[in-house]
Each structure stands twice: as structure tokens, then as C-alpha cells.
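Input: a single structure, listed below in C-alpha cells.
The values are calculated or read from the model by the stated rules, or taken from the named source; none is laboratory data. Please read all numbers here as calculations on a predicted model, not as lab measurements. Please note: Cβ atoms are built from the backbone with ideal geometry, for glycine as well, and neighbour counts cover all protein chains shown. Calculation scope for accessible area: heavy atoms of the full protein, side chains included, ligands and nucleic acids excluded. Shrake-Rupley method; radii C 1.70, N 1.55, O 1.52, S 1.80 Å.
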2 protein chains.
Amino acid sequence: MTYSISEKLDAIPRAMITKTELLAQMRSFLTADAVLHEAEELSPYECDGLSAYRQVPMLVLLPSTIEQVQKIVKLCRQYSVPIVARGAGTGLSGGALPLQQGVLLSLAKFKSILNVDPLARTARVQPGVRNLAISDAAKIHGLYYAPDPSSQIACSIGGNVAENSGGVHCLKYGLTVHNILELKIVTIDGELLTIGSQAYDSAGFDLLALMTGSEGMLGIIVEVTVRLLAVPERAQVMLAAFDDVEKAGAAVGDIIAAGVIPGGLEMMDRLAIQAAEDFAHAGYPRDAEAILLCELDGTNEEVSEQVMKVREVLEQSGAIEVRSAKDEIERALFWKGRKSAFPAVGRLSPDYYCMDGTIPRKKLPEVLRGIADMSAHYELPVANVFHAGDGNLHPLILYDANKPGELERTEAFGAKILELCVEVGGTITGEHGVGMEKINQMCTQFDENELTQFHAVKAAFDPDGLLNPGKAVPTLHRCAEFGAMHVHAGELAFPELDRF
Amino acid sequence: MTYSISEKLDAIPRAMITKTELLAQMRSFLTADAVLHEAEELSPYECDGLSAYRQVPMLVLLPSTIEQVQKIVKLCRQYSVPIVARGAGTGLSGGALPLQQGVLLSLAKFKSILNVDPLARTARVQPGVRNLAISDAAKIHGLYYAPDPSSQIACSIGGNVAENSGGVHCLKYGLTVHNILELKIVTIDGELLTIGSQAYDSAGFDLLALMTGSEGMLGIIVEVTVRLLAVPERAQVMLAAFDDVEKAGAAVGDIIAAGVIPGGLEMMDRLAIQAAEDFAHAGYPRDAEAILLCELDGTNEEVSEQVMKVREVLEQSGAIEVRSAKDEIERALFWKGRKSAFPAVGRLSPDYYCMDGTIPRKKLPEVLRGIADMSAHYELPVANVFHAGDGNLHPLILYDANKPGELERTEAFGAKILELCVEVGGTITGEHGVGMEKINQMCTQFDENELTQFHAVKAAFDPDGLLNPGKAVPTLHRCAEFGAMHVHAGELAFPELDRF
């Protein structure tokens, strides 16, 4: 979009070393293939999954041992070189966008599964291991790793921890933070810390949770111990069609209120249904205004009982059709439609902008109505495909960047959606992180005191602001520029900005 | 025990105001009954549930509004007066032990349930609300608050958050941190922050988790929004008796490995069984070496199925007897025995010392054997009563403080138990917190770099160290005195201590 990292607004440190000198230093302990510096080597790293922003870094480093990471970080600290850590680069909020005067520290070579312990139900893995590879390795023991972002084939566990990633199954099984036990991190001083523990709880401040979702701003994750869960005996997907989006939204709350926590509870609206159907031929009802996909998992008896209960709730909530996948093939097909909805919607329009707000579940009907009203106002179509059970919305605004004014209208519309999420008690991000993308909206979500506390925490880990500067937590200057300052009891929340 | 807060070792700030002056300042905005200063008014506050330590504070303050808390904190900051916050004072690790030159800030007047929202399944409450009062208020909606410390009749939700309290049901439903959504806290600057959100996730660093379990060292909790769960349709308790403690320990892992997550899974050994039976007449088998209590909850069908599965596992694990509570009366009786085990054991001996280590579940047989060996070595009997499913041990060491040398032997024994917990990958505390009690053992658990990071986080919230100083996180000086310094690769972990 139209904003970017600005040295002035975002307090980016200035490297005290030239590229040539830094290259020589790094080469003194890294092999040639671990230090990329030519334009053509650097360009694959110029963006992550948010490809609207691109920036080639000064150097890309690909260490393969913890000791090398420690050395790199110590050198960067010594010469005031900003560091952006990167896993698989699938993030959607630009968290791994490089800095021109910084190094891009890729953890791609950290791809070993160190240990799978079926009795303790844990796996100890390096950060570059792909999310799905963990479940693949655990499968032989009847176990799996629950959080399942759409990108799970490609995304890395280190990136999942950095973004506190979610997925379809997070409603029942929690976010990344609920599924990890212990981390090894390298601090900006180059020290190796172990945080969390292999036991149920750990002593001291909860640095494990603090690190999770901190978007590379507090330390470099070099090892992750995850919890594994037993693969459920049975999983059954139901599809319910509605002639009204708000009715579908209300049904979500009704299912939970009936005492059922589905393994997944997803919603798609008309535009998303049609796009997905054209793309994946999932057998979705093309004339419905909305569908819910509800997966129930557990033992055979549990699932049978829940299917009956959910069917009853859905019918009472006004579903015009309720179907259960008749076999594993149909179940996979139902999910294929959902999982391909983003690329499918992408075919409807030259560009789309995917939002990621989260709201209290009971506000779903109200917020969906609000988005529909805004869509009319901004004259931009929206497809909704999202984790309804979590209240985690993913409105996709369709636009054409080549039409004058559409990009600006899209940005304004997106910002309004996030403001609405905040207004109803929700947040500007569910699982994609803030990164570059939503940094201005952080000024809407938090007031000066809260942002100041974030900065203090940041400084407790990274006093010189070298770790992923300009991301996730806006400076008060940026908020002032953005103009979205909180007003508390009629008074501006940033009265002391003159000091800065 | 024999150590205590020391101004030198623990870097306790010195108040820059006399008691008389501070009293006058506090009285200017607090009513007379909210400012206690006479010896007889102060003495009820001289200790919490760890009554071995006692210290009368300079003043006790009982504010009733958030604004009053803000004013108190601002004044204390201005005059460098340390603050110890206190909920119901039931904590077992001395976290609410006052400081002679500090104020004791009681949240006892914050006892309103502000809102119960059955659709969102949340309750917004003041910090002084008793744990059980939340479930009582939610009962009408078929909901309850899951974490259930033994002290739940008396303990406050604010204290639960400060200690990240657990309880019997935490195996299935998580600790306090997994059951809260949003906190309002007053910072040492007197600012009111909202952390977390009413939605499934929140943006920015996870200050909610960081605050939970921070033992009053980062801010004053003035409001808590908790998650509520549906009361299960049915709960069934099974009792299994074993002729060998290690077999019972192994059975715990077997149950979980069979894919069952019980609502509660508790273990008691012979000494605990006999004491509890004499006290509560719960119908426990007096000749067993160990019993497990396993509660299964859910729908009727689910519970029936799980009962069958657990019975099979228990019999295969070598249980000599497996019983199901035949009705609600017997179920309550089984739990009464467990819940009264601590006071029951207290009748066996003039004094006892309750430990709270947590270990990976699979290490239970090994650690129980280790404790038995140490018990023989130190010639002190131990009763084990604990949350076996979580690996959260509560060995009770029985001793007589009047017998020369017994207290010292008890302390040495207790320290060895915690060292063993750390050695097998566990931690020195599960749910009671570090407080005063385990501050020296923190030096065993963490190395200099980790402790330094804790101090940096502390300073990010409380740069002058006024919030509960001397608790939870030891200074490097204390660790040096304690002598339990980590040795990394043959080198002392605190080489730079001379700087301090």
C-alpha cells in the first residue's frame, strides 16, 4: 500500500559499517553459500507473502548453526546493523520485509527435526522445519501438530512462532502459543536463552508467550519444542447453506452455545463460494448467500453425537440445507474449496487485499452487516472467507490497482474494517501479524500509554532497536503522522509528542 | 525458612518519606477505614498463606476505586515507597509478604462482578472477587470458571492472575493464563492500561501472558475478564489403588497415551491416603501404596466411553482395585479426601513443608523414586498428594521445627527435590509461584543471561523496582550468596558479578 518504512518515522538505526566491510566480516566464519550479496542473489528475498512491498537487503545470511547466529548477531550489534529474521517468507503482513541498510537473516538451513518423543508428546525441531513436516514426522506415533495455517505445506515453525500463527483448527486446539513448550532464542547480545520448559508450567516471567507473536523484534528463534496431539479417531465435516449472511453468522454462536467446540468452523459468503466452486468444484451450493463448514472430531461416539446436535442447531438457525460429507473424498473436497478460496477469489479481480481482524464471536452478524454497508459505500466488492468460530475475519477487498483511485479507496475501506473490529472489542489482527501492513492501525488499537509499554518491553530485549525495526509496533511519531490518535475523554492521547 | 528479604541482597528501594508524612498524603484522598496504620490493624496483614515469614508493613491501604489505586501508586513512585499488592492473602509462596518500609496495597474492596455475558461466555470482574464466586454467578447460565485452586472458596481472581494459579482441572482446561481474555492494570506511573482483548487474539506483544504469573512485580491488576466454560453434562470419578507408587506414576502416562484427557488426574501415596482417610472418611483403601483419582467429564456418551477405556488402562497398568464413584455423594466424598489431604497430613506432624515442582509427566516414576530415596537419606517422612496429570508434584515434608536440625534438613531436602525437578527438565514451581519461598531455587533454574533478561523485563515496567521488590526474581547478588550458580562448560555463569 502507500506507506513504507521511513528512517525518520520509524527510528531505524544507521549501520556503522559499509557493505564491503560487513561482507568480509561475515565471510570470515560463514561459507560462501551462506553469504549472499549480489543483486540477483538478493532479489528472491526482497519480499515475503505481502508482495506489495519490496526492498532488497544489504546482505542475506544463511547460517546453519546456533553459534553462527550468535556471531552474526554480535557483529550486527557491534556495527549497529539492523537484522530482519526470516523463516519460509510466507508471512502475509510484511514482517520479513528487508531493510536496505540491514541484513536478512534466513533460518532456512535450520531444518532438522531433532527429536519426536511420543510418550511426552513433544517434538523438538529447528525453526526452519515446515509446519506440516512436524505432523508428517509424528504420524507414525498417531500424533500431529495442531495449528494449521493455510500455508502449512510451506511455512516454517519459527515463522509460526514469530507470528503466533493460527489456522482452521485453532478454535478447538489453540494458537501457536498454546501448542509450544520451550524455545531457544538468541538475544541481541548474542546470548542463547532457553525459555519455557518441558513441563506443564515454568517459573519466572512468561517469556515464552511474550516471544510468541513478537514478529522478530525481541530475539532470534533457533529451536522450538512443540506439543503434539493424538490424531482424532474420526473427523466429520458438515456443510450448511444459508440464504442470509447474518443468519450464518448467528449460527456460529449458536453452535458454540450448544456446548460443541468444533475442530474447525469456517464461513464463506456468496462471492467466495462461487469463486471457490469455479476453481475447486467442491460441490458447494452456488446459490447460497453463505455457507458454514463445521468439522467435528473425536471418538466415533462423540462425533456421532455432535453431528446430531449441530444438525439440529443449524436447522433451527435457519439453514436451508445441511449436508455431511459422505466419505473422506467428499470431506477432502469440502476443505479443498475452503483452502483454495484465496487464490480462487484472486481470479475474480486483478488485485485483492486480505484483511485479518478478529472480533468477539457474538459480534459477527453486526460486523458482517457493517462490511456489506461499507462495500456499497466504497463501491468495492468484498468476499468473506474466514475462521468464523474464532471470530477471525478475512474480508478480501477486490480492486484494480490500475484504475485511478481504487487503491486509495481500498486502503480507506480496509482501515475502516479494522476500526470497526476495534470498536466492537476486537483486534486488528488474528493470525497474520501486524508487520508492515497494519502498523498504522496499531495507532487505532492502542493508546500512547500502551504503545509506550510495548516500546519499553522492546527495549528490554533490544535497547538499540536493531531487531526488525519499523515493524509491528509503531513509533509515537508514526501514529502522529497517521493521525489516528486515540481520544480519551475529549483529550488527545499524545499530548507529549512535542518531546520527541 | 531461614532466608529472608535483605535490603542489600535484594536491592530494596529506600522510602524517601516518613510514615507520618505518607499517612497524611494517603488520608487526603482515602477514607479513614482505607488507611490502616496502628500495630493491631496492621498485624492481620503480616503474612500470607506462607506463615513462616512475617513482616508488618508501614501502612495497609484499601482503596475502592481504580482512581485511588492510581493516586496511591503515583505517590509511592514519587517518594520511592515499595508496594506489595495483595488479594485474599492465600498464596503459599510468600508473594504478598509485606516490606517494613513499604505499603501493602489490598484489593479486598474490589469485589464486584461487573458483567457476566453468557453469549460471549465471559465474566468481567474486579480483582478481589473470589474464584468460586465467579462460577457461582455463572451457574445460572450453565457456565463456570475452570481453574480451581484448592483455596478457591477464599482466593481472589486477582491473586490467581498474579500467580497463574492452577488446580485439579488444569490438565484439561489449562492454567489461569489460558482462561483469561483481558486485564486492566495500573502501571507504576499510575497509568491505566488495557491488555489482551475481548477477542480470540490480540495485536502487539503478549502482555496479558507476561502479566499473568508475574507475582505483583509488573503492575497492579484492577480488572479481569475471564473465559467461562459450559458445565459438563456429566462428571465421573474413578479411584484406582496400586501396591506400588511407581506403577501408579506410570499409569498416569498410560491414561494420557490412550488418548484420554481427564478433567482431573490426582495421585496420593500411602501416608497421604491414610491421613486423608482418618480425616475425611472418603472410603480410600488404607492398605494401598498409592491411589489415583481420575475424573472424566463431558457428555454422557463420552464419559461412558472414557470410563471403559480408563478402566482397561488402569487394569493393564497393574491397579489392584478400580472403582467408580457410584453417585454424586460418593464422587464428592472422593474429592473431599483429596481436597483435605493437606490439613489431614498437617495432623501427622507438628510442621510440614509443601513443595510445588513440576516435571514432564513421563518422569513421574523416576522422580517419585528419587524423593523416596531422599526421604530415607534425610530421615524425614514425605507425603505425596499432587496433580499427577500435569506432572505437578506437591511433596509434603513432615518435620518438627522444635527438634534441633530438622528445619535445616527439611530445607536441604526441599531444595534437592526442586533440583531434581530441574534436572529432569521440569521447573521449581507449578502453581504456587516463587514469591519468597523459592527465590533461591530460581538461581538453580536459570542462568545469568536468563535472569538478566527477567530483570530487563522487570525494568521495562518498573524501572525503580518498587513493585514487590525482593520476590520471584533473585538478584545476581542473591544467587552468588546462595551459591547455586550455574556452571556452563566449566565456567562460572556469573563472572561479571564484581560489577554489581
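Values computed for the structure shown
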quantity	calculated
Subset of region A:124-146 [under 13 Å from A:Ala230 (Cα atoms) and in contact with a Leu (Cβ under 7 Å, 6 or more places away or on another chain)]	A:Ala138, A:Leu143, A:Tyr144, A:Tyr145, A:Ala146
B:Glu406 out of contact with any strand residue (DSSP E or B) (no Cβ under 9 Å at 6 or more places or on another chain), open to solvent by 20 Å² or more (accessible area, probe 1.4 Å) and touching a residue at least 24 places away in the same chain (Cβ under 8 Å)	no
Residue count, region A:225-258 (criterion: open to solvent by 30 Å² or more (accessible area, probe 1.4 Å), part of a helix (DSSP H, G or I) and within 14 Å of chain B (Cβ to nearest Cβ))	3
Candidate set: region B:1-50, residues that are among the polar types (S, T, N, Q) and surrounded by 11 or more Cβ atoms within 10 Å (Cβ to Cβ); chosen: the one farthest from B:Ala108 (Cα to Cα)	B:Ser6
Subset tally (residues that are more than 10 Å from every other protein chain (Cβ to nearest Cβ), open to solvent by less than 10 Å² (accessible area, probe 1.4 Å) and part of a helix (DSSP H, G or I)) for region B:419-474	1
Conditions (1) surrounded by 19 or more Cβ atoms within 10 Å (Cβ to Cβ); (2) free of Cβ contacts under 8 Å to residues at least 12 places away in the same chain; (3) among the hydroxyl-bearing types (Ser, Thr, Tyr); number of the one not met by A:Thr65	(1)
Count of residues meeting criterion [among the hydroxyl-bearing types (Ser, Thr, Tyr) and surrounded by fewer than 16 Cβ atoms within 10 Å (Cβ to Cβ)] in region B:308-350	0
Unique match (being modelled with pLDDT under 95, under 20 Å from the mean Cα position of the chain (by Cα) and surrounded by 23 or more Cβ atoms within 10 Å (Cβ to Cβ)) among A:Gly87, A:Gly166, A:Gly174, A:Gly159	A:Gly166
Residue that is farthest from the chain's Cα centre (by Cα) [pool: residues in region A:285-307 that are open to solvent by 10 Å² or more (accessible area, probe 1.4 Å) and under 17 Å from A:Val168 (Cβ atoms)]	A:Gln306
Yes/no for B:Ala372 being closer than 26 Å to B:Phe279 by Cβ, touching a residue at least 24 places away in the same chain (Cβ under 8 Å), aliphatic (A, V, I, L, M) and surrounded by 24 or more Cβ atoms within 10 Å (Cβ to Cβ)	no
Those residues of region B:281-323 which are closer than 25 Å to B:Ala383 by Cα and part of a strand (DSSP E or B), in sequence order	B:Ala290, B:Ile291, B:Leu292, B:Leu293, B:Cys294, B:Glu295, B:Glu321, B:Val322, B:Arg323
Residues being under 25 Å from A:Gly49 (Cα atoms) and part of a loop (DSSP other than H, G, I, E, B) - total across region A:347-402	16
Residue check for A:Gly190: within 26 Å of the chain's Cα centre (by Cα) and modelled with pLDDT of 95 or more	no
Residue count for region A:123-149, restricted to those that are surrounded by 22 or more Cβ atoms within 10 Å (Cβ to Cβ) and farther than 17 Å from A:Lys172 by Cα	10
Among the candidates A:Lys109, A:Lys74, residue that is touching a residue at least 24 places away in the same chain (Cβ under 8 Å), within 14 Å of another protein chain (Cβ to nearest Cβ), surrounded by fewer than 22 Cβ atoms within 10 Å (Cβ to Cβ) and closer than 30 Å to A:Asp464 by Cβ	A:Lys74
Flag for A:Thr225 being out of contact with any His (no Cβ under 9 Å at 6 or more places or on another chain), hydroxyl-bearing (Ser, Thr, Tyr), outside the structural domain of A:Val84 (by TED's automatic domain parsing) and farther than 21 Å from A:Arg77 by Cβ	yes
Answer residue from region A:188-224, given it is touching a residue at least 60 places away in the same chain (Cβ under 8 Å) and at the interface with chain B (Cβ under 7 Å from one of its Cβ atoms) and is surrounded by the fewest Cβ atoms within 10 Å (Cβ to Cβ) among those	A:Glu191
A:Leu50 being of a type outside the set (Gly, Ala, Ser), closer than 24 Å to A:Gly159 by Cβ, assigned to a loop (DSSP other than H, G, I, E, B) and out of contact with any strand residue (DSSP E or B) (no Cβ under 7 Å at 6 or more places or on another chain)	yes
